[in-house]
Amino acid sequence: MDTQVGIVGAGPAGLLLAHLLTRAGIESVVLEARSREYVEHRVRAGVLEQGTVDVLTETGVADRLHREGMVHHGLELRFGGVGHRIALSELAGGRAITVYGQQEVVKDLIAARLDAGGELRFETAAEAVDPGRGVIRLADGGELRCAVVAGCDGFHGISRAAVPEGALSVFEREYPFAWLGILARAAPSSEELIYTHHDRGFALHSMRSPEVTRLYLQVAPDEQLDDWPDARIWEELQTRMATADGGFALNEGEIFDKSIAPMRSFVAEPLRHGRLFLAGDAAHIVPATGAKGLNLAVADVRVLARGLRALFEHGDEALLDDYSDRCLRRVWRVQHFSWFMTQMLHRLTGDPFEARLQRAQLDYVVRSRAAATSLAENYVGLELEDV
Ligand SMILES: Cc1cc2nc3c(=O)[nH]c(=O)nc-3n(C[C@H](O)[C@H](O)[C@H](O)COP(=O)(O)OP(=O)(O)OC[C@H]3O[C@@H](n4cnc5c(N)ncnc54)[C@H](O)[C@@H]3O)c2cc1C
């Protein structure tokens, strides 16, 4: 045996798992196909649930997060040109979200891993996993023999493919739109996130720091970035986000990052096959409207780390046997919430009946305390124990 746990992928799932295992005295090796530079600068999610912040804080990797992250106690739903605040913390028992870029979480976890002297091999791609023997075959011809393999290699990784087809059930939905996301050197135009429903499509105002705004536009799934020069992006954002009273001013600035991401729901069940455990995007994808992908990856590895601790400390496999069912309950709750937010906020088919239903739902969410509470508790994230 080369190591107790072989971890494929140094995204949030793989890095946090390695960190939790180190603290529990369990040895692991993390294999990452890309360079350190690449993973530390990959722009993706930025909304951390309360539970995600809590686990990073409790395990000593949140000093910078607490210095630089922005705590939000509410968000705005804007439709018909009018904004409505959802008081997240007031409705969800004081819990909040923190805006802190995923790449910053990744940087903090890499630093913690290296400080602890843990093994983290960049530019080392895994080629295949043998779930029966616990062997990871490396692209350079070598192999790593492990008691357990954690497949944390994202949606396009190799781990999921190691589960024989007959043993895996896949549930999937492609949405007929994508998100064009930008980072701009401009101060945020509002202190909170603004989710905008507009006849021309969805728009989201978010931020990464007091100097950097993160903005998204719903676009067609086959849209090319070349068709979106900066001026067109700003014009579309200004149109969709304008308020009826003309009181909202969207700050513009230099766009220094631009990307298009598809909107997809995907779940592969079960999350365990033999010695292989799938976690994070390797097993499930949610449309970004609920801001859940990163948080779900964190929830999976919290459960997995507890199970591995019981295994290595007491030889007790009960928690690991329950790993898949336990995580899938949360995965499907989050899938539903992400689908709900997506359906409610995007321009769907253009069918006027559908548009009226969406408007009725939006009206209800902002008028009914019960409906707003449901949105709030899902958005800040349910406690690990509650799902
Ligand atoms: C393009 C994109 C944009 C996103 N934007 C948002 C957003 O705006 N808001 C939001 O809430 N969520 C967003 N998400 C979702 C969120 O970022 C993911 O849910 C999160 O990254 C999941 O973490 P993970 O560790 O499971 O997977 P990942 O972060 O994908 O990490 C997997 C790691 O495995 C490595 N790897 C892959 N194959 C191999 C191999 N064969 N051998 C070794 N290493 C391998 C990869 O290089 C990567 O570092 C986005 C996701 C993507 C892909």
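Which of the trypsin sites (Lys or Arg not before Pro) found in the range 159-209 are loop residues per DSSP with 13 or fewer other Cβ atoms within 10 Å of their Cβ?
For trypsin sites (Lys or Arg not before Pro) across the range 159-209 that sit outside H, G, I, E and B with at most 13 neighbouring Cβ atoms in 10 Å, the list reads R200.
May I ask you to sort K258, K292 by Cβ crowding, counting other Cβ atoms within 10 Å and putting the fewest first?
Fewest-to-most Cβ neighbours within 10 Å comes out as K258, K292.
Over all alpha-carbon pairs in the chain, figure out the percentage whose distance exceeds 42 Å.
Value for the chain: 12 percent of Cα pairs lie more than 42 Å apart.
Using a 10 angstrom cutoff on alpha carbons, build the Gaussian network for the chain and name the most mobile of E165, E90, E354.
Comparing E165, E90, E354 in the GNM, the peak value goes to E165.
Counting other C-beta atoms within 10 Å, which of F177, F353 has the fewest, and how do the rest follow?
Listing F177, F353 from fewest to most nearby Cβ atoms yields F353, F177.
Let me spell out the model: positive unit charges on the Cβ of Lys and Arg, negative unit charges on the Cβ of Asp and Glu, origin at the Cα centre of the range 291-387. What dipole size does that give, in debye rounded to 20?
Dipole of the range 291-387, to the nearest 20 debye: 600 debye.
Need the full-extension length gain, S209 to D245, defined as separation in residues times 0.36 nm minus the C-alpha distance. One decimal, nm.
Stretched out fully, the S209 to D245 stretch lengthens by 10.2 nm.
Just grab the label-to-label distance for R145 and H314, each label 7 Å out from Cα along the Cβ direction, in nm (one decimal).
3.0
Test of the criteria: in the range 1-93, which trypsin sites (Lys or Arg not before Pro) are in a DSSP loop and have at most 13 other Cβ atoms within 10 angstrom of their Cβ?
Loop-located and lightly packed - R42.
Please arrange C327, C152 by counting, for each residue, the other beta carbons lying within 10 Å of its beta carbon, fewest first.
Going from sparsest to densest Cβ surroundings: C327, C152.
Once phi is turned into θ = phi - 60°, what whole-Hz ³J(HN,Hα) does the Karplus curve with 6.51, -1.76 and 1.60 give for every residue of the range 108-116, x standing for Gly and Pro?
5, 6, 5, 4, 5, 4, 5, 4, 7
Separation of the range 4-27 and the range 275-341 by C-alpha centroid, Å?
14
Show log10 I(q)/I(0) for the range 81-132 at q = 0.16, 0.19, 0.30, 0.32 Å⁻¹, two decimals, from a solvent-free Debye sum over equal Cα scatterers.
Debye output, listed in q order: -0.77, -0.86, -1.08, -1.11.
Between D321, D199, D351, which gets the highest mean-square fluctuation from a Gaussian network model of the chain, Cα cutoff 10 Å?
Answer for the Gaussian network model of the chain: D351.
With r as the distance between the Cβ atoms of Y364 and A167 and R0 = 35 Å, compute the FRET efficiency 1/(1 + (r/R0)^6) and round to 0.05.
0.25
Taking 20 °C and 1.002 mPa s as the conditions, I'd like the Stokes-Einstein D for the range 173-262 in µm²/s, using the Kirkwood hydrodynamic radius from alpha carbon pairs.
The Stokes-Einstein estimate is 161 µm²/s.
How much of the DSSP bridge set in the chain is antiparallel, in percent, rounded to the nearest 5?
75
Readers should treat all values here as calculations from the given coordinates under stated rules, not as data from a laboratory. Quick caveat: nothing in here was measured; it's all calculated off a predicted structure. Cβ atoms come from the backbone with ideal geometry, glycine included; neighbour counts cover every protein chain shown.
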